[in-house]
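Report on the structure given below.
We did not get these values from a lab; they are worked out from the coordinates using the rules stated. As the structure is a computational prediction, the values presented were derived from the model and not from experiment. Note that each Cβ is placed from the backbone with ideal geometry, even for glycine, and that neighbours are counted across all protein chains shown.
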Amino acid sequence: MGYELAMSATHPFHRASNSAVSPSERYDRLVDRLAYLIHQRVVFGLHIHVGLPSGDMALGVMNQLVQYLPHLLALSANSPFWQGIDTGLASCRTALYRTLPHAGVPRYFPRWKDFRAYFRVMRECGAIQSMKDIYWDIRPRPEFGTIELRVCDMPATLATTFALVALVRSLAIASQRLLEERPQMRRGDIRKHWIAVENKWLATRYGLGGMYIRTPAGKRRPLRQDLNELLARLMPVARESGDDVFLAKLLPLDKFEAGADRQRRLCRESGNPRTVIDDMVASLSSELDSAVAPDKSPTPAVASSATSGVGAGSSQPPSPDPRGEGGREGCLSKPSPIGMGEGKEAGANGAGAKGTGSKEKETVGNVTQADPTVGSATQADPALRSPSEPAATPRASAPPAAGAANPFAAVDLPASFLFRPAARLAEPIPLAVGG
């Protein structure tokens, strides 16, 4: 088709006003609503879905993950330039996205029924029409049975992308185990939401070079140091599912170069912004070539065929000992079922990327579950909707129900799980999956 593929959260010198908006009733409504701001949405982010068993657990995990938004953002930061200008930010995409209504750090909800009430009020008063109009950095997606993390820039490399998906999954598993052990912590701490706004700004501005506010009392330390300790605490959890291989790509963290830092360095050394584009294209091409070259280790299965989504490896090893710092998160003993929701937003296959016109590109990371006897979704009646039909948007008269997802079952494969429609379990598996 004559296109070159690259990975970035913004184009270094493209003029956003020259972009066309894809024809769509929803996008037409956004153009009318946002006016000039619609041209600030030519940005690209990594969106990761994690399946959870209930609404209360979903909000509990969200309340735990809010404190790690700056860690995820800083690792992925890959948008220093906007329309040919060095913004001075590690992630100008994040700053641009903040101009939208209902964007940023999620509001605090101690229980699922509180979120249901919020959704009902916002829908009935006409402020939103669907869950897609809520642009929080983490938001529930009850039609998929997931929470969706949206804070990340589109990373510079596939290796960083896989590492971020592995990190999010490990955080979700550790958080769920902690909340199963200590249910009273599901309510979270509203002070973490307050502090997260400043911490997110520090990551937006400085990336991994910023400071991190650790406590309401104001204790700080370098974000890179805090992230390094977080990776060390989560590595045993990642090892259970084989994700430690992908997390290890970030280490040693003091040698890790985020995409924004690389873009700036190349532009400074060459004096030509085109060099940045050429490097993006060459980097992705090299990774793709390495993934299909003979005698190479397979890449993690976060892409899939048109009929199936493939999750990275998972099994049921012995549970690690409880651990964590200051009660913030732990690796507790009870295994947790983590499933992958699939539906319209995730694509027909549950793993892929999409982006049209003014809408941010969305990549959905597959997430496995610890117990193969637990389905990848919890829908009351699978016959109500076929896998090819889009998930219904919750209505004001029927606020989002916890855990409503899709009629997909999990097949236990060596060191991996393949999510496929139950009716197609007997068919040959079209993809080879590495453990």
Amide H within-cut-off set for His47, under 5 Å, with H built and near neighbours excluded: Thr363
What are the ³J(HN,Hα) couplings of the stretch 170-178, residue after residue, when phi is run through the Karplus curve with 6.51, -1.76, 1.60 and θ = phi - 60°? Round to Hz, x for glycine and proline. 5, 4, 5, 5, 4, 5, 5, 5, 4
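With a sphere of radius 13 Å drawn around the Cβ of Ile138, what net charge do the other residues whose Cβ falls strictly inside it have (Lys, Arg +1; Asp, Glu -1)?
Values: positive: Arg107, Arg139, Arg141, Arg150, Lys192, Lys200; negative: Asp137, Glu148.
Residues close to Ile138 contribute a combined charge of +4.
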Rounded to whole angstrom, the alpha-carbon centroid of the stretch 86-108 lies from that of the stretch 30-78 at a distance of 10 Å
For the pair Leu5 and Ile85, the simple spin-label estimate (label points 7 Å beyond Cα toward Cβ) gives in nm 3.3 nm
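How high is the relative contact order of the stretch 81-153, in percent, counting Cα pairs under 8 Å that sit 6 or more residues apart?
Numbers: 53 pairs, mean separation 21.5, N = 73.
Result for the stretch 81-153 is 29 percent.
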Just to confirm my numbers, what's the Cα centroid distance between the stretch 117-138 and the stretch 191-218 in Å? 26 Å
Of the options Gly104, Ala117, Ala58, report the single residue whose Cα projects farthest towards the positive end of the charge dipole of the stretch 54-157 (beta-carbon charges: Lys, Arg +1; Asp, Glu -1). Ala117
PRE reach from Ser17 (point 7 Å along Cα→Cβ): which of the stretch 84-107 fall under 14 Å by backbone N? 84
Using a 7 Å offset from the Cα along the Cα-to-Cβ direction at both Met122 and Tyr135, what is the distance between the two label points in nm, to one decimal? 1.2 nm
The set of residues whose placed amide H lies less than 5 Å from the amide H of Met211, leaving out same-chain residues fewer than 5 positions away, is Leu223
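Calculate the FRET efficiency for Ala291 and Lys255 from the Cβ-Cβ distance with a Förster distance of 25 Å, rounded to the nearest 0.05. If you can, show how the numbers build up before the last one.
On the way: r = 23 Å, r/R0 = 0.92.
According to the calculation, E is roughly 0.65.
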